[in-house]
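Structure first, then comments.
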Amino acid sequence: MELYQIRYFLAVADSLNFTRASERSFVSQPALTKAIQRLEETLGGRLFDRTKNSVQLTELGHAMLPNLRQLYDSANRAREQARVLTRTANEAVRVGVMCTIDFHQILPGFVQSQEGRSDIALSFREGNLEALTDALDRGEVDVGIMCSPHEIPRRFRATPLFSEHYVVAIGDDHRFGGRTEIAIAELDRERYCEREMCEFSAFIERLLRARHIGLEVVQKSSREDWIQALVRANFGIAFMPLSIAAAAGLDHVHTTDVPIVRQVNVLTQAERPTTPAQQAVIDSLVAHDWSRSAISIEYTGASPTSDAAHVRLCPSGGESSPAVAALRADAVAQ
């Protein structure tokens, strides 16, 4: 029995909806379902009765709920106590950076926290949204540089840094060459290279489906450099953040009628006290002038506001566009 399996079980038990539970847990729905199936194998019976229109706890699920909740809470308390007891004077701040965020773009934001200080030792690791979320929960990462198309779960404290547009990366000989903008409907029947680690993949897929736009997926890869090479060789197009396309030197166009914008945040565990060293790193990131980045980004500096022209999910609870509301309703209905 793994702690993440219990966390996923509690998320479904609280929401009685696998789609909402997966979004709140920052994990794909198939991964959440598989984890719960493994937990059911361990416990020897089904925990949920799942029909087309509803999800209910079984008798076993009801019986296990208080025990598993107590076990999860106790494990988190024990882990936090161990972390406090093993903290050293020269405090290490462990930073998780999503693999879809250009590291060169965000690294300057950490510099200020190192100036004139010898008591903060930064260490970095990368991972996808699901892996870093679990690492934050397990206390293996102190600070996460992350973004998600879903609302940030309440167990995390999110501070926005900047927003940037998604663009359509194209090869040198593509028919969009020489243009800076396209209508999103022009993507219909395009050959497509899918970035499997992209946190917006399912979101973009639903967005296109809602507009009856079909892409022919010809290649898939979890490696950014492979996708970039495939696009450069005209195997197909790819949606990617502007920073990634610019760093790779790829031609790209904006979908100006339906801009897709992601917000990059600093995440910490809300239930875990923030140490002075961690706060110094966060303050350094917030104080950094992101508008001086090598690419053109939209500086936020505060919680996002409603913007009907942008397809954006607002992690801190702000309003989102009507298009996003429709996509959320579509996701809940699935």
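Looking at Phe18, Phe26, which is the one that is on the phi > 0 side of the Ramachandran plot, surrounded by 19 or more Cβ atoms within 10 Å (Cβ to Cβ) and either in the same structural domain as Pro149 (by TED's automatic domain parsing) or out of contact with any strand residue (DSSP E or B) (no Cβ under 6 Å at 6 or more places or on another chain) (or both)? Explain how you work it out, then say what you get.
Values: Phe18 fails: on the phi > 0 side of the Ramachandran plot.
After ruling out the rest, the residue left standing is Phe26.
What are the pairs with Cβ atoms under 8 angstrom where one residue, in segment 172-190, is at negative phi and the other, located anywhere, is assigned to a loop (DSSP other than H, G, I, E, B) and of a type in the set (S, T, N, Q)? Sequence gap at least six, or different chains.
Listed by first residue and then by second, the contacts come to Asp172/Asn234; Asp173/Asn234; His174/Asn234; Glu181/Thr256; Ile182/Thr256; Ala183/Thr256.
Would you check if there is a residue in segment 225-247 being among the acidic types (Asp, Glu) and either in the same structural domain as Cys99 (by TED's automatic domain parsing) or in contact (Cβ under 8 Å) with a residue 60 or more places away in the chain (or both)?
To start, the set of residues in segment 225-247 that are among the acidic types (Asp, Glu) comprises 225.
When the remaining residues are screened for being either in the same structural domain as Cys99 (by TED's automatic domain parsing) or in contact (Cβ under 8 Å) with a residue 60 or more places away in the chain (or both), the result is none.
No, that holds for no residue.
Restricted to segment 163-216, and to residues that are farther than 24 Å from Asp102 by Cα and among the acidic types (Asp, Glu), which residue is farthest from the chain's Cα centre (by Cα)?
Step by step, filter segment 163-216, then rank; the result is Asp173.
Going by the conditions given, is Phe26 modelled with pLDDT under 90, aromatic (Phe, Trp, Tyr) and within 22 Å of the chain's Cα centre (by Cα)?
yes
Looking at the structure I just gave you, is Thr51 out of contact with any helix residue (DSSP H, G or I) (no Cβ under 9 Å at 6 or more places or on another chain), among the β-branched types (Val, Ile, Thr) and not assigned by TED's automatic domain parsing to the domain that holds Glu130?
Taking the combined requirement at face value, the residue satisfies it.
The values are calculated or read from the model by the stated rules, or taken from the named source; none is laboratory data. The shown structure was predicted, so the numbers you read here are calculated from the model rather than taken from an experiment. No Cβ is skipped: glycine too gets one built from the backbone with ideal geometry, and neighbour counts run over all protein chains shown.
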